[in-house]
1. Which percentage, to the nearest 5, of the DSSP beta bridges contained in the range 183-335 is antiparallel?
2. Rounded to the nearest 10 degrees, what's the angle between the helix 241-253 long axis and the longest principal axis of the chain, both from Cα atoms, 0 to 90?
3. What does the convex hull of the alpha-carbon atoms of the range 43-108 project to on average, in nm²?
4. I'm a student and want to see the number: the projected area of the Cα convex hull of the range 12-145, averaged over all directions, in nm².
5. At what distance in nm do the modelled label points of ARG185 and GLN286 sit from each other, each positioned 7 Å from its Cα along Cα→Cβ?
6. What is the local net charge at ASP74, summed over the other residues whose Cβ is closer than 15 Å to its Cβ (Lys, Arg +1; Asp, Glu -1)?
7. Expressed as a fraction of 2.2 N^0.38 Å, the rule-of-thumb size for a compact globular protein of N residues, what is the C-alpha radius of gyration of the range 25-64?
8. Okay, which of the range 93-131 sit inside 20 Å, backbone N to the point 7 Å along the Cα-Cβ direction of PHE87?
Amino acid sequence: MIKPKSLQKGDCIGIVSTSSPVASSCPRRLKRGIRELELMGFKVKVGESVRKKVGHLAGSVKDRLDDIHSMVSDPEIKAIMNTIGGFNSNQLIGDLDYELIKANPKIFIGYSDFTSVLLSIHKKANLVTFMGPALLPQLGEYGGVFPYTRLQFEKVLMKKETNVVQPSQSWSSEFLAWDKEDIRRRELMPNPGPTVLREGFMEGQILSGNMGTMLSLAGTPFFPDVEGKVLFLEDDDDESPGSIDRYLHHFRHLGIFEKIQGLAIGRFHPKVNLSDSEKLSSIIFQATNGYDFPIIVDVDFGHTDPMMTIPNGAEVKIQAFQADPKIIFKEASVI
């Protein structure tokens, strides 16, 4: 497994849009996200297609691929961050230059639909990639990125050490329309921390991603090796109890639950409506019936804030015990 170089103050972060053109319609949010990275001590280069809008996409396939490849080739750029997700990052994965990426290993970070790029690079270039904050939703937050998100970003990407990941003290799912209503800090609620559904120890390499996006890779050369992995899964606020149930049974039917060491599920947005009559726990228990691996839910990642930064390929140990659940990144994920 290839680890990218650690990020340092003064390094340059390249910004790409691999799917959605939201950045084109939210210039204030984009500017704020760039400024936040600069305040954190980084230089920023913005890809040519970031501000483009071609139908439902941020430029043509060639536009978006050119941005990635030029940033991989640029010796000044140390990390590549996506603006936001969408639905169509998988358009790019068949034409990404994995040998170029392997020869110039850099930090790739984002989440949601960007999962297809992260997992494809992780498999084809044997590179540690990172599910974590994106420019618009997290770095563009009014008043600056949430402290917990920044802390975990810095611990994972800037420090060459192990990391006991403490849960955030608070969280938010409030929506304020970008460039219209996001003129104040979002309201926060106390965070009770993760819930253990099935106790035990899980240990192995991390494999993380958006459920629907990861499953869209099934049956392709880009689907990751799941043998012995600890699976970190999330999904967005457009989902429902029915769709989450379907995704988890798809994982079951693919035989993935026969191979993993454990399951960590990110905090779902309240809009997903996992109500008392359709609790997440009952859906998960039905989908994992017959398996005994540990399961922990409501972890600090997904489509609420703040969020962890999760390194694909790094060794993790999770003590999934209700009295004191702990997530421990056992090794540095950068060099």
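1. Expressed as a percentage, antiparallel bridges in the range 183-335 total about 50.
2. The angle comes out at about 80 degrees.
3. With the hull built on Cα positions only, its mean projection is 4.4 nm².
4. Quarter of the Cα hull surface area: 6.9 nm².
5. 4.1 nm
6. -1
7. 1.33
8. Only 93-94, 111-118 pass the distance filter.
Only the coordinates and a few stated rules stand behind these numbers; no lab work does. All figures in this text were calculated on a predicted structure; none of them were measured in a lab. For neighbour counting, all protein chains shown are included, and Cβ atoms are generated from backbone atoms with ideal geometry for every residue, glycine included.
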